[in-house]
């Protein structure tokens, strides 16, 4: 109710949260033996950092909080959770429930408005910040953490490309790509944000994509058949309206949607823009709303260049029956996560993080756990 995503998608989020607790806490943190001779032994071990601060976004307030909480506590740290001002109750409730199971002070929460973030990140008593949110705010977080040389993990925005080759089974993949472009009203950093479809199948693919997305209901998220709930907050709603206005002003070809409702809540109807210029805002910016540009391509090198020609690099995907071709293309994509014939697949044991301005460091997996640790090298000799 607080976040606004349909109940069916919210149930999935809460279910994944328990999966993440079990999955992350099942990963063994190793002690690495670097050298062992009769004279000495050199090992690398990992120790807790101390007090961790988790800054949680409003799009997945339960799952993303649980990931940070589990990683911090499992590696021996304490944690203070700062919820988004747009979804404070979810994380305050999580921490309230957790106090039944942990010693006093091990897990805490602080809720407040935009003034709290700078106080939180510059506080000398907090040793690490894990932040998930926008690129602009991430830069402010990093600058603030630099004042005390805090450890920092940043998971920031993305503008994920998906490249569809001309050999795909259109009927099989259109529903998958439709869902993976619009879950949570596209308010997910790893949704498909730029869809590149080969020119040989472009018209047929676009027609079937539009037809499929039309079947996805916009409305009350408590109704079981609702797919699109509202955009979560007024700030994001105004950003989406501004982007829609630019599409109209630039006279781009809108083949679906382009509508919003002011009177009934922050509803942006699913929008598809056909083959806009690559320089247009709808291609270059992350909408974080259900607005999708679908672009033509014909040359493999050219589409790879365009897919990489943004400042972000979180996720990307290639869709093709030719696995060798798809792998060749995937290996050239500048993204922290690349999928072949899927998108937005995640797991607690798989690292998650971006290239370029999509972040610093990773969450989840062994690599994510180690970001909540200090590395300590020990040189061990039994006697002098």
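Laboratory data are not the source of any read-out in this text; all were calculated from the coordinates shown. Bear in mind the structure is a predicted one, so any value in this text is a computation, not a measurement. All Cβ positions, glycine included, derive from the backbone under ideal geometry; neighbour counts span all protein chains shown.
Distance from the Cα centroid of the range 219-271 to that of the range 119-163 is 29 Å (rounded to whole angstrom). Any chance you could give the angle, 0 to 90 degrees and rounded to 10, that helix 234-249 forms with the longest Cα principal axis of the chain? Once rounded, the angle reads 40 degrees. The distance linking the range 336-384 with the range 3-18 is 25 Å (Cα centroid to Cα centroid, whole angstrom). Modelled spin labels at residue 45 and residue 101, positioned 7 Å past Cα toward Cβ, are 2.7 nm from each other. On the basis of the beta-carbon distance and an R0 of 22 Å, residue 89 and residue 11 show a calculated FRET efficiency of 0.80. A Förster radius of 41 Å combined with the Cβ-Cβ distance from residue 278 to residue 349 puts the calculated FRET efficiency at roughly 0.65.
Normalising by the residue count of the range 71-145, find the relative contact order in percent from Cα pairs under 8 Å and 6+ residues apart.
27 percent
The relative contact order of the range 7-50, computed from alpha carbon pairs under 8 Å that lie at least 6 residues apart in sequence, is 24 percent. When peptides 31-39, 78-86, 214-222 are ranked by their average number of other Cβ atoms within 10 Å per residue, the highest-first order is 78-86, 214-222, 31-39.
Each helix, a run of at least 4 DSSP H residues, gives -39500 (n - 2.57); summed and divided by the residues of the chain, these come to -10000 deg cm²/dmol at 222 nm. Evaluate E = 1/(1 + (r/R0)^6) for residue 262 and residue 214, where r is the Cβ-Cβ distance and R0 equals 22 Å; express this FRET efficiency to the nearest 0.05. Between residue 262 and residue 214 the formula returns 0.45. Reducing the range 168-191 and the range 56-82 to their Cα centroids gives an inter-centroid distance of 27 Å. On the principal axes of its alpha-carbon atoms, the range 177-262 has extents of 39, 34, 22 Å, going from largest to smallest. With kT/(6 pi eta Rh) evaluated at 20 °C and eta = 1.002 mPa s, and Rh the Kirkwood radius from Cα pairs, the chain diffuses with a coefficient of 97 µm²/s according to Stokes-Einstein. Working note: Cα gyration tensor of the range 160-340, eigenvalues times five, square-rooted, sorted largest first, giving semi-axes of 27, 17, 15 Å. Across the chain, Cα pairs under 8 Å and at least six residues apart give a relative contact order of 21 percent. Determine the percent antiparallel among the DSSP beta bridges restricted to the chain, to the nearest 5. Expressed as a percentage, antiparallel bridges in the chain total about 35. The order of 22, 194, going from fewest to most other C-beta atoms within 10 Å of their C-beta, is 22, 194.
Under the simplified labelling scheme, the residue 134-residue 251 pair shows an inter-label distance of 3.1 nm, with each label point 7 Å from Cα along Cα→Cβ.
Modelled label positions at residue 296 and residue 200, each set 7 Å beyond Cα in the direction of Cβ, lie 1.5 nm from each other.
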